[in-house]
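Novice: Can you read through this structure? Questions will come right after.
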C-alpha cells in the first residue's frame, strides 16, 4: 500500500508518452490505480482489496486540488483494521474546508467537522485518527461490521471506550456539527454499548454480536480458567460461569497463530482438544464451539447455543 504513486502528469514531465504508459500497463510493469495514477504492478498485485482501496485513497489525495483527509472505510487499511462486511468500492475522504461533499468518479466526499486530534499522518497521508475512525465506521449502517472494527481498535489500544464516547458526545453537542448530519446514529449507540477491548478477532466480535442479536445471555469475553491452586490453565473466548458453559470460536487464523516451530495444524488441533478436556475436567462446564460456517446460519447457531445454556430437564 506504501508503493509510490506515479501520476500521469509526472510521468509525462519525465519524458513518458501516453502510449509508453499504456505499454507498461499491458506488460504489467505498471498497474493503473485509477485514472491518471499508476503504481508498480507487482506491488499492486500483492495487495488485498483493503490494501488496494488504501492505494486508491492515496492516489485521490495526490491528485486533489484541495487538502483531503482519508476517512471512513478508506482509513481502515492505514491502521491495519478489519474490513469484513464493509463496502470498499469507493474511496472516502473528508474535506477540512467543510464544503458540501459529493460522490463522483468513485470518490465519496464527507464534510464532518474536524476537531484537534481527529487526524494523524500515516505513510505521508493525513487520515482519520482511530477514535474518529471508530465513529465514522458506524455510519456504514452495518452494526456487526462496525463492531468488528471498534473492537479491534480497542483491543490494540489505539483508542478507548472513554475516548470514543467523549468524541461522539462532542459531535452531538456541537451546534455546527449536529448528529443529524451523521447517518445511522442508532448503529453508533449499539456499537458503543456492545464494544469490548477484550474481544480479540473478527470471529469473536461476530459471535458476541450474534448472542446480543438473538437475545442470548451475554457471555464474559476472555474468561480465565484456573485450577484448584489458582494457577492459570486456560483462557477461553467466552464463558457463562453461572450457567456452567464456555464457548470457543474456531477460525483458521486462530489455529495458525497457535502454531509452534515445527508443528502442523493437526498438532495444534490435538493440543486444543487436550486443553478442552482439561478445562472440562477442572470446571465441569459444557463446551460450545462455533466456526465461520456457523456464523452464516445465525438463528440455528443461536438455538444450538441456547440449548447448551438451558438444557432440557431430564425426566425422572
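Novice: Quick check on the chain: helices-only [θ] at 222 nm, where DSSP H runs of length 4 and up contribute -39,500 (n - 2.57) each and the sum goes over total residues. Nearest 500, please.
Specialist: Estimated from H runs of four or more residues: -12500 deg cm²/dmol.
Novice: Grab every C-alpha pair in the chain, bin the distances at 20 angstrom width from 0 up to the longest one, and report whole percents.
Specialist: 27, 47, 23, 3, 0
Novice: Indicate, rounded to the nearest 5 percent, the antiparallel portion of the DSSP beta bridges found entirely in region 47-194.
Specialist: Counting only bridges with both partners in region 47-194, antiparallel ones make up about 60 percent.
Novice: On to the next question. Among 72-83, 205-216, 186-197, 113-124, what's the highest-first ranking by average C-beta atoms within 10 angstrom per residue?
Specialist: The peptides rank, most packed first, as 72-83, 205-216, 186-197, 113-124.
Novice: Still on this structure, please answer the following. Return one quarter of the surface area of the convex hull spanned by the alpha-carbon atoms of region 1-114, equal to its mean projected area, in nm².
Specialist: Mean orientational projected area (region 1-114, Cα hull): 7.6 nm².
Novice: In addition: Determine the percent antiparallel among the DSSP beta bridges restricted to the chain, to the nearest 5. Walk me through the numbers on the way to the answer.
Specialist: Working: 23 of 34 bridges.
Given both bridge residues lie in the chain, the antiparallel proportion sits at roughly 70 percent.
Novice: Let me ask something else about it. Find the relative contact order for the chain and round it to a whole percent, using C-alpha pairs within less than 8 Å whose residues are 6+ positions apart.
Specialist: The normalised contact order for the chain reaches 10 percent.
Novice: Another question, if that's okay. Could you let me know the centre-to-centre spacing of region 33-47 and region 274-303, using Cα atoms, in angstrom?
Specialist: Rounded to whole Å, the Cα centres lie 43 Å apart.
Novice: How compact and how long is region 47-194, expressed as Rg and Dmax of its alpha-carbon atoms in Å?
Specialist: 14.0, 41
Novice: Moving to a separate point now. Measure nothing fancy, just the Cα-based angle from helix 265-283's long axis to the longest principal axis of the chain, in degrees from 0 to 90, nearest 10.
Specialist: So the inclination is approximately 40 degrees.
Novice: Take the alpha-carbon centre of region 58-80, take the same for region 94-149, and report the distance between them in whole Å.
Specialist: 9
Novice: On average over all directions, what projected area in square nanometres does region 67-120 have, based on the convex hull of its Cα atoms?
Specialist: Over every viewing direction, the Cα hull of region 67-120 projects on average to 4.1 nm².
Novice: Quick one: helix 161-173 against the long Cα principal axis of the chain, what's the angle to the nearest 10°, folded into 0 to 90?
Specialist: Around 50 degrees separate the two axes.
Novice: State log₁₀ I(q)/I(0) for region 1-46 at q = 0.22, 0.25, 0.31 Å⁻¹ as given by the Debye formula over alpha-carbon point scatterers of equal weight, solvent excluded.
Specialist: -0.68, -0.87, -1.23
Novice: Quick one: angle between helix 298-309 and the longest Cα principal axis of the chain, in degrees between 0 and 90, rounded to 10, please.
Specialist: 30
Each value in this text was obtained by applying a stated rule to the coordinates, not by laboratory testing. Since the structure is predicted, the reported quantities are computational estimates derived from the model, not experimental observations. Glycine also receives a Cβ, built like all others from the backbone with ideal geometry; neighbour counts cover every protein chain displayed.
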